[in-house]
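Encoded as structure tokens, here's the structure I'll be asking about.
The values are calculated or read from the model by the stated rules, or taken from the named source; none is laboratory data. Here the structure is a predicted model, which means the values were calculated and not measured. When we count neighbours, we look across all protein chains shown, and the Cβ atoms used for this are built from the backbone with ideal geometry, even at glycine.
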Ligand code: GDP
Ligand code: MG
């Protein structure tokens with residue numbers, strides 16, 4: 001994938017004390033290919049490379065003791081800018097309710113996202129109303145009602161015989177009368193953009209004058225998603241994009257190009273079918289995720305809302321100065337287990353993406369059990385001073401944990417790799433000027 005390719009470009013640059021123009025050109029050639037392969041719009045790629053080169057050839061790199069790091073930092077920042085720079089917040093009406101209209105092609109995830117968004121708002125103590133504006137697809141109303149029941153958010157419907165424009169109008173009145181402060185209008189989609197679909201959306205728009213028009217696009221469709229966004233935007237004045245299915249095997253192209261092509265910021269990212277799999281979109285986090293630096297901020301935020309705040313802080317500090325031991329490792333594994341699907345969590349930890357990709361290493365729950373057994377078989381001193389663990393100790397640990405010497409060796413290697421990567425990551429953040437703010 002994209003992250004993989006970029007990681008290997010960067011690992012070549014990382015250690016260099018001097019970066020020649022030739023090195024830079026070669027790296028940029030590879031970055032360019034990686035981006036194109038990830039289905040990023042070619043114009044966007046061209047401008048991006050030009051900007052990075054311009055900055056890299058300027059004084060920044062020459063003056064630095066770690067030019068490789070500076071280049072990575074430049075790429076990171078330009079990528080962040082390309083995706084909008086900072087998190088674009090949901091608009092809020094001066095006078096409630098705030099009206100949010102969802103738009104998009106069929107199957108993009110409008111209905112699911114409506115419910116996810118309602119859930120997010122509800123968590124922030126708002127009182128959302130969802131509106132069943134798709135009267136065409138059989139069972140579309142029912143789908144929204146089921147989701148509404150699941151999250152205890154009211155659903156406004158007038159069945160499938162009233163026009164969506166009228167439904168939307170009455171729904172907003174209903175919200176006003178009942179003190180509901182957000183109205184989320186789910187609408188119909190079609191397989192392709194057509195005039196009838198646009199006409200209806202325009203009418204709804206003209207009638208309820210939404211504060212937000214969120215276009216929901218499927219990230220898996222790559223550049224098609226961007227083209228869809230572009231055509232919707234020309235007709236509807238979108239205020240934001242929601243990128244769905246980022247949990248799948250997406251190539252990243254949509255996330256990188258949408259803002260640059262349409263001028264419309266990505267406001268949310270959906271990472272799964274579950275109702276709480278929606279997050280505000282943070283360009284800087286997405287950039288570091290794409291660049292294989294993991295997504296420390298998301299992880300820490302997730303940790304803070306799901307696990308002990310003190311422990312999360314400690315974890316952050318230890319990751320930063322890379323001083324953690326096998327005890328911390330174990331502790332972290334326990335905490336991580338609470339956070340959710342392992343695969344997603346691992347992707348957020350710097351270096352772990354790579355570790356996960358090692359062919360023979362399937363990190364699943366069973367694997368975690370084995371790792372725990374190995375760590376438990378170490379003495380307290382070994383856990384705190386991992387460098388102590390020599391060959392004969394490894395043999396003892398393998399026997400004690402019912403695993404093999406290979407298992408033990410592999411874990412220790414992994415642990416060392418992880419420590420090294422974290423160290424690199426924190427050096428890079430520390431050495432990269434403003435990048436240090438990321439933590
Ligand atoms: P709509 O036609 O635009 O209303 O799309 P739906 O909300 O009905 O979603 C279409 C399908 O995509 C459903 O099976 C959803 O569960 C699925 N889906 C929506 N968002 C995501 C996501 O972020 N990740 C994954 N994996 N599936 C999603
Ligand atoms: Mg729908």
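Kindly indicate whether any position in the stretch 324-340 is touching a helix residue (DSSP H, G or I) at 6+ places or on another chain (Cβ under 9 Å), at pLDDT 90 or above and within 16 Å of ligand 1 (Cβ to nearest atom). Quick ask: steps written out before the conclusion?
Filtering the stretch 324-340 for residues touching a helix residue (DSSP H, G or I) at 6+ places or on another chain (Cβ under 9 Å) gives 324-340.
Narrowing the set further to residues that are at pLDDT 90 or above leaves none.
No, the stretch 324-340 contains no residue that is touching a helix residue (DSSP H, G or I) at 6+ places or on another chain (Cβ under 9 Å), at pLDDT 90 or above and within 16 Å of ligand 1 (Cβ to nearest atom).
Right, residue 141: within 14 Å of ligand 2 (Cβ to nearest atom), in a strand (DSSP E or B) and either farther than 30 Å from residue 285 by Cβ or touching a strand residue (DSSP E or B) at 6+ places or on another chain (Cβ under 6 Å) (or both) or not? Let's see the steps before the verdict.
Values: within 14 Å of ligand 2 (Cβ to nearest atom): yes; in a strand (DSSP E or B): no; either farther than 30 Å from residue 285 by Cβ or touching a strand residue (DSSP E or B) at 6+ places or on another chain (Cβ under 6 Å) (or both): yes.
Criteria not met by residue 141.
If you don't mind, another one. Assess whether residue 420 counts as being more than 28 Å from the chain's Cα centre (by Cα) and either farther than 16 Å from residue 327 by Cβ or modelled with pLDDT of 80 or more (or both).
Working: more than 28 Å from the chain's Cα centre (by Cα): no; either farther than 16 Å from residue 327 by Cβ or modelled with pLDDT of 80 or more (or both): yes.
Criteria not met by residue 420.
Out of 298, 288, which single residue is away from ligand 1 (no atom under 16 Å from the Cβ), in contact with a helix residue (DSSP H, G or I) (Cβ under 9 Å, 6 or more places away or on another chain) and modelled with pLDDT under 95? Walk me through it before giving the result.
Details: 298 fails: away from ligand 1 (no atom under 16 Å from the Cβ).
Going through 298, 288 in turn, the sole match is 288.
Sticking with this structure for a sec: Would you mind stating whether residue 245 is within 16 Å of ligand 2 (Cβ to nearest atom), at pLDDT 90 or above and in contact with a strand residue (DSSP E or B) (Cβ under 6 Å, 6 or more places away or on another chain)? Quick ask: steps written out before the conclusion?
Values: within 16 Å of ligand 2 (Cβ to nearest atom): yes; at pLDDT 90 or above: yes; in contact with a strand residue (DSSP E or B) (Cβ under 6 Å, 6 or more places away or on another chain): yes.
It is true that residue 245 is within 16 Å of ligand 2 (Cβ to nearest atom), at pLDDT 90 or above and in contact with a strand residue (DSSP E or B) (Cβ under 6 Å, 6 or more places away or on another chain).
Looking only at the stretch 265-281, count every residue that is surrounded by 23 or more Cβ atoms within 10 Å (Cβ to Cβ) and away from ligand 1 (no atom under 15 Å from the Cβ) and tell me the total.
0
Residue check: is residue 200 closer than 28 Å to residue 254 by Cα, away from ligand 2 (no atom under 16 Å from the Cβ) and more than 26 Å from the chain's Cα centre (by Cα)? Talk me through it step by step, then tell me what you get.
On the way: closer than 28 Å to residue 254 by Cα: yes; away from ligand 2 (no atom under 16 Å from the Cβ): no; more than 26 Å from the chain's Cα centre (by Cα): yes.
No: the conditions fail for residue 200.
Then there's this: Helices (runs of 4 or more DSSP H) wholly in the stretch 31-131 with at least 2 residues that are modelled with pLDDT under 95 and away from ligand 2 (no atom under 16 Å from the Cβ) - which ones? Let's see the steps before the verdict.
Values: elements: 42-57, 59-63, 67-82, 110-123.
In the stretch 31-131, the matching helices (runs of 4 or more DSSP H) lie at 42-57, 59-63, 67-82.
List the number of the failed condition for residue 189; all other conditions in (1) under 30 Å from residue 42 (Cα atoms); (2) more than 26 Å from the chain's Cα centre (by Cα); (3) buried (at least 16 other Cβ atoms within 10 Å of the Cβ) hold.
Every listed condition holds for residue 189 apart from (2).
Which one is surrounded by the fewest Cβ atoms within 10 Å (Cβ to Cβ), of the residues in the stretch 85-94 that are over 14 Å from the mean Cα position of the chain (by Cα) and closer than 24 Å to residue 184 by Cα? So that I can check it myself, show each step before the final result.
Of the stretch 85-94, the ones over 14 Å from the mean Cα position of the chain (by Cα) are 85, 88-94.
Now drop any that are not closer than 24 Å to residue 184 by Cα, which leaves 88-94.
Numbers: 88: 21, 89: 10, 90: 18, 91: 16, 92: 12, 93: 16, 94: 6.
That would be 94.
Just to verify a result, which residue in the stretch 262-277, among those that are within 18 Å of residue 229 (Cβ to Cβ) and either out of contact with any helix residue (DSSP H, G or I) (no Cβ under 6 Å at 6 or more places or on another chain) or not in a helix (DSSP H, G or I) (or both), is nearest to ligand 2 (Cβ to nearest atom)? It would help to see each step written out before you state the result.
Initial filter on the stretch 262-277 (within 18 Å of residue 229 (Cβ to Cβ)): 262-270.
From the residues that got through so far, the ones that are either out of contact with any helix residue (DSSP H, G or I) (no Cβ under 6 Å at 6 or more places or on another chain) or not in a helix (DSSP H, G or I) (or both) too are 263-270.
Values: 263: 26, 264: 21, 265: 23, 266: 20, 267: 19, 268: 16, 269: 19, 270: 14 Å.
My answer is 270.
Pairs needed: first member in the stretch 116-145, more than 19 Å from residue 188 (Cβ to Cβ); second member anywhere, within 11 Å of ligand 1 (Cβ to nearest atom) and not in a loop (DSSP other than H, G, I, E, B); C-beta distance under 8 Å; at least 6 residues apart or different chains.
So the pair list comes out as 119/278; 120/278.
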